[in-house]
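A.B. asks: Once you've had a glance at the structure underneath, I'll fire off some questions.
The values are calculated or read from the model by the stated rules, or taken from the named source; none is laboratory data. Owing to the predicted nature of the structure, the values given are computational and were not obtained by experimental measurement. As a convention, Cβ positions derive from the backbone with ideal geometry for all residues, glycine included, and neighbour counts pool all protein chains shown. Accessible surface areas use protein heavy atoms only, side chains included; no ligands, DNA or RNA. Shrake-Rupley method; radii C 1.70, N 1.55, O 1.52, S 1.80 Å.
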Amino acid sequence: GRLVTLRGDGERSFETLLAGFVAAQVGRYPGTDDLRTAVERHTGDDWGWFFDQWVYGCAVPSYRWKSTVDAIDEGGYRVVLEVTQSDVPDDFRMDVPVRLELEGGETREVLVTIERPRQTVEIEVESRPREVIFNPDHAVLARTGKL
C-alpha cells in the first residue's frame, strides 16, 4: 500500500473546505453530490471511493494486525506491518493512521492505505520504535485487534 505522512494542517484544511462550501450554497439546497464536488475541487482527488463507502454504504471494517521491527544495514529501522481487512467488500479502501513511538521520545504518525483483504506495509524510520499503534485513538471507525 502507499504510505503518506500525516499533514499537520488537515483539520484546518477541512474547516476551510466546509466554510467555502457553506458560503457557496447560501440560498440553495445542496445535496451530497454537491459536497463531493466541493471536496474534489478542494483536494484535486477523486473521492468517489470515500462517498461510496462512508456516505452511501454502511460496512465497518475489521482490522487484525501485527508488526515486526528489523534493523536496516544502511542505518535506521524497518517496521513491517501485516494487516488483514474483513467485514467489507474486497475493494474497500481506507487510509488508516499508524503511530510509531520511537526511542528518545519522538513520535511519528503516518497514514497507510489498506486496500486488500491481506496486506503488508513497510515503514522506514531512523530510530527504533518502542511501540507501534495501529489506528490510534480510534481515528477510523473500525474494529481492530492483534493478529
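A.B. asks: Set Lys and Arg Cβ to +1 and Asp and Glu Cβ to -1, take the dipole of the chain about its Cα centre, and tell me which of 138, 37, 104 lies farthest positive.
C.D. replies: Value: 138.
A.B. asks: In square angstrom, rounded to the nearest 10, how much accessible surface does residue 113 have for a 1.4 Å probe?
C.D. replies: Surface open to solvent at residue 113 totals about 0 Å².
A.B. asks: If you take every DSSP beta bridge whose two residues both sit in the chain, what share of them, in percent to the nearest 5, is antiparallel?
C.D. replies: 90
A.B. asks: Okay, next question. On the accessible surface of the chain, probed at 1.4 Å, how many percent belong to carbon and sulfur atoms?
C.D. replies: Roughly 48 percent, rounded to a whole number.
A.B. asks: What does the convex hull of the Cα atoms come to per residue for the chain, in Å³?
C.D. replies: So the per-residue Cα hull volume is 122 Å³.
A.B. asks: Right, another one. Tally Lys/Arg at +1 and Asp/Glu at -1 over every other residue whose Cβ is under 14 Å from the Cβ of residue 65; what's the total?
C.D. replies: Net charge in that neighbourhood comes out at +4.
A.B. asks: Test of understanding: in a Gaussian network model of the chain with alpha carbons linked when under 10 Å, which of 128, 41, 108 would top the mean-square fluctuation ranking?
C.D. replies: Comparing 128, 41, 108 in a Gaussian network model of the chain, the most mobile one is 41.
A.B. asks: Here's a follow-up. Enumerate the calculated ³J(HN,Hα) couplings along region 93-110 in order (Karplus 6.51 cos²θ - 1.76 cosθ + 1.60, θ = phi - 60°), each rounded to whole Hz, writing x wherever the residue is Gly or Pro.
C.D. replies: 10, 8, 8, 10, x, 10, 9, 10, 9, 8, 4, x, x, 6, 10, 10, 10, 9
A.B. asks: What's the angle, to the nearest 10 degrees (0 to 90), between helix 32-43's Cα axis and the longest principal axis of the chain?
C.D. replies: That works out to roughly 50 degrees.
A.B. asks: In Å², and per residue, what accessible area does the chain have when probed at 1.4 Å with the other protein chains present?
C.D. replies: The answer is 61 Å² per residue.
A.B. asks: So, one more: Rounded to the nearest 20 debye, what is the charge dipole size of the chain about its Cα centre when +1 sits on each Lys and Arg Cβ and -1 on each Asp and Glu Cβ?
C.D. replies: 380
A.B. asks: Taking 8 Å as the Cα distance limit and 6 or more residues as the minimum spacing, I'd like the relative contact order of the chain as a percentage.
C.D. replies: After rounding, I find 28 percent.
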